[in-house]
1. May I ask you to say which residue of GLU299, GLU265 is out of contact with any Ser or Thr (no Cβ under 8 Å at 6 or more places or on another chain) and at pLDDT below 95?
2. Quick check on my filter: what residues within the range 48-65 are within 16 Å of the ligand (Cβ to nearest atom) and either more than 25 Å from SER105 (Cβ to Cβ) or assigned to a helix (DSSP H, G or I) (or both)?
3. Scan ILE25, ILE5, ILE12, ILE45 and give me the residue that is under 17 Å from ALA331 (Cα atoms), of a type outside the set (D, E, K, R) and assigned to a loop (DSSP other than H, G, I, E, B).
4. Do we find a residue being within 14 Å of the ligand (Cβ to nearest atom), open to solvent by less than 60 Å² (accessible area, probe 1.4 Å) and closer than 20 Å to VAL83 by Cα anywhere in the range 173-184?
5. Counting only residues that are of a type outside the set (Val, Ile, Thr), within 21 Å of the chain's Cα centre (by Cα) and surrounded by 15 or more Cβ atoms within 10 Å (Cβ to Cβ), give me the helices (runs of 4 or more DSSP H) lying completely in the range 190-301 with at least 1 of them.
6. For residues in the range 33-47 being of a type in the set (A, V, I, L, M) and in contact (Cβ under 8 Å) with a residue 24 or more places away in the chain, which is farthest from the ligand (Cβ to nearest atom)?
7. So for the range 269-284 (the condition being modelled with pLDDT under 95, more than 16 Å from the ligand (Cβ to nearest atom) and either of a type in the set (Ser, Thr, Tyr) or closer than 22 Å to ILE64 by Cβ (or both)), does at least one residue qualify?
8. Failed condition for ALA159, given (1) open to solvent by 20 Å² or more (accessible area, probe 1.4 Å); (2) within 16 Å of the ligand (Cβ to nearest atom); (3) not aromatic (Phe, Trp, Tyr), with all others met?
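The values are calculated or read from the model by the stated rules, or taken from the named source; none is laboratory data. Note that this is a predicted model, so its numbers are computed, not measured. All Cβ positions, glycine included, derive from the backbone under ideal geometry; neighbour counts span all protein chains shown. What goes into the accessible areas is simple: the full protein's heavy atoms, side chains included, and nothing from ligands, DNA or RNA. Shrake-Rupley method; radii C 1.70, N 1.55, O 1.52, S 1.80 Å.
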Amino acid sequence: MAEPINLDDVMIMQSNDPGGMLTAIEAFSRHCTEAMQLGRDQMDIPAAEGLNRIAYVGMGGSAIGGDILRSLLEDAVGMPVSVHRSYRLPSLLGPDTLAIFASYSGNTEETLSALDDAIYLGCRVMAITTGGTLLDKARGYRFPVVVVPGGLQPRAALAYLSLPAAAVLEKMNLLQGFAKVAYETADFLQGKRDVWGRLTPVSKNFAKQLALRLQGKIPVIYGTEGVLSVAAYRWKCQFNENSKTPAFNHTLPEMNHNEIVGWHELDDISRRVEAIFLVEDDDTSRVAKRVEVTAEIIEDKVGGVTVIHVGGRTRTDKLFSAIHLGDFVTAYLALLNGVDPTPVESITLLKERMAQEQAD
Ligand code: F6R
């Protein structure tokens, strides 16, 4: 394990991040623009006629692309969008379903198993991948495939695992005007990158300040229902995979009816928790009021409370910028923890063991 570092020492940050996670995060705006273009350039698109539902299938960093689509676009496409993280698909899916299979590697066992179900059920399949068995199978069945650039960790390829699907839905005439919104979000993210990126010193950089505050703590992220609940889950996963730390998430208002009580006992654990609330800055709803009241009720039970007001002109701006902030915070926390943000050894080990089990 490397030594913890000074977050204003750009050279040391570079050498303690050999996999280039910070570089990938800083490229998020560009990834968004390129990902939209990939989808818009896609010539082979699924048929839209008679479509009644969309199912997004994947695991981990690939699956969250489905949460993004669902939270942003379900109303606009006017049909249910479901996300499936499992070996199996529900039997209610069928020929009226567009089943989008996302696997960055193309080799994730659960996703490939669910693909067999989709084929059996007669779903209209589309794949998003860099290669692997998913690409081979999709090509074999002549399913539309968006091939995305390789060389990243799946979780660092989030733009490529979400936006091409939205662009294809627009080409299928299921959506209007999303491309413009997405390109505007990419511009918005560029500004955020400058504010939260490694070149901005701790004194002016909220992402670095929050990472410093989180050292030795267990982050628990609460997002308000809708897009920020998706961001809260992304933060949790990024704390796990980038910072190698336990983290948990929940959604408001639901946590007001259970988890809020859970910080009452076990003082030694509760005191190590930093509760992070993600709330839309122009939210005047009862849910936003609940954030205020919840923070007041739990602040003397947990180790600290941080309320983040997420700005932006559109829900797409808010979701993607909240994700961008979380990605920076978790990478900085990794460096403070003295760990390399990129590798996910336990996931790799588990996949190897499961493959070995199958081979035996
Ligand atoms: C690693 C990561 C993981 C993977 C998951 C599925 O960076 O985010 O959660 O996304 O293990 O693998 P893929 O995405 O290759 O299907």
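1. Checking each option against the conditions leaves just GLU265.
2. Once the filter is applied, which keeps residues that are within 16 Å of the ligand (Cβ to nearest atom) and either more than 25 Å from SER105 (Cβ to Cβ) or assigned to a helix (DSSP H, G or I) (or both), the range 48-65 yields GLY60, GLY61, SER62, ALA63, ILE64, GLY65.
3. That would be ILE5, the only listed residue that is under 17 Å from ALA331 (Cα atoms), of a type outside the set (D, E, K, R) and assigned to a loop (DSSP other than H, G, I, E, B).
4. Within the range 173-184 (the criterion being within 14 Å of the ligand (Cβ to nearest atom), open to solvent by less than 60 Å² (accessible area, probe 1.4 Å) and closer than 20 Å to VAL83 by Cα), the answer is no, since none of the residues qualifies.
5. The helices (runs of 4 or more DSSP H) meeting that bar are 206-214, 227-241.
6. Going through the qualifying residues, I end up with ALA47.
7. yes
8. (1)
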